[in-house]
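The structure appears right after this line, and notes come after that.
Every read-out reported here was derived from the displayed coordinates using simple, explicitly stated rules and does not represent laboratory data. Bear in mind the structure is a predicted one, so any value in this text is a computation, not a measurement. Here the Cβ positions follow ideal geometry from the backbone for every residue, glycine too, while neighbour counts run over all protein chains shown.
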Amino acid sequence: MSEENKNKKKFPLWIYPETRKLVADWYRRDNCQSQSEFIEKAIRFYCGYISAEEGVRFLPAAITSAMTGMVDSLENRMARLIFKLAVEMSMMMNILASTADVDEDTLRRLRGKCVSDVKKSVGAVTFEDVAKFQRGE
């Protein structure tokens with residue numbers, strides 16, 4: 001008796017004749033030495049399948065938690081960058097306003113044009129484009 005078989009235990013197994021035929025037909029195709037080996041491999045495979053299924057139920061919660069952390073971190077970083085950008089824009093507008101004499105009507109029309117430009121370009125307005133417009137090109 002081999003070392004492998006020493007620890008094995010025999011027990012009664014009740015299966016349907018169709019299942020018994022499947023074992024008889026398939027155990028050699030799986031390179032098993034015996035039908036018992038095939039049944040043991042099948043049981044281990046099925047246990048792994050159930051275990052993986054439980055992991056799938058856990059996985060979405062783990063992914064959701066990780067993604068929430070990443071999004072929160074990104075949101076904080078973006079909020080800080082937008083704040084810094086708003087401060088810089090405010091400084092630039094104050095400097096320009098102190099040197100430029102622009103009437104209310106011109107400002108209103110310019111705001112409308114700028115909103116339209118930003119919508120068309122999805123926020124990618126370049127200084128070169130603005131300079132060309134200001135030169136009348």
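Would you work out the charge dipole size for the range 1-132 about its Cα centre, treating the Cβ of every Lys and Arg as +1 and the Cβ of every Asp and Glu as -1, and quote it to the nearest 20 debye?
Details: 21 positive and 19 negative charges, 147 e Å.
The calculation lands at about 700 debye.
How large is the helix-only mean residue ellipticity at 222 nm for the chain, computed as the sum of -39500 (n - 2.57) over DSSP H runs with n ≥ 4, divided by its residue count, in deg cm²/dmol to the nearest 500?
Values: 5 runs with 106 residues, N = 137.
Helix-only estimate at 222 nm: -27000 deg cm²/dmol.
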- Item | Convex hull (Cα only) mean projected area of the range 66-129, reported in nm² to one decimal | 6.1 nm²
- Step through the residues of the range 36-46 one at a time and calculate ³J(HN,Hα) from phi using the Karplus curve (6.51 cos²θ - 1.76 cosθ + 1.60, θ = phi - 60°), rounding each to whole Hz and writing x for Gly and Pro. 4, 4, 4, 5, 5, 4, 5, 5, 4, 4, 5
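Counting every Cα pair in the chain, what percent are over 23 Å apart? Let's see the in-between values first.
Details: 6323 of 9316 pairs.
That fraction is 68 percent.
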- The farthest towards the positive end of the charge dipole of the chain, of the residues Met91, Asn76, Ile43, given +1 on Cβ of Lys and Arg and -1 on Cβ of Asp and Glu, is Ile43
- Query: Distance from the Cα centre of the range 80-137 to that of the range 11-31, in angstrom?
  - Reply: 78 Å
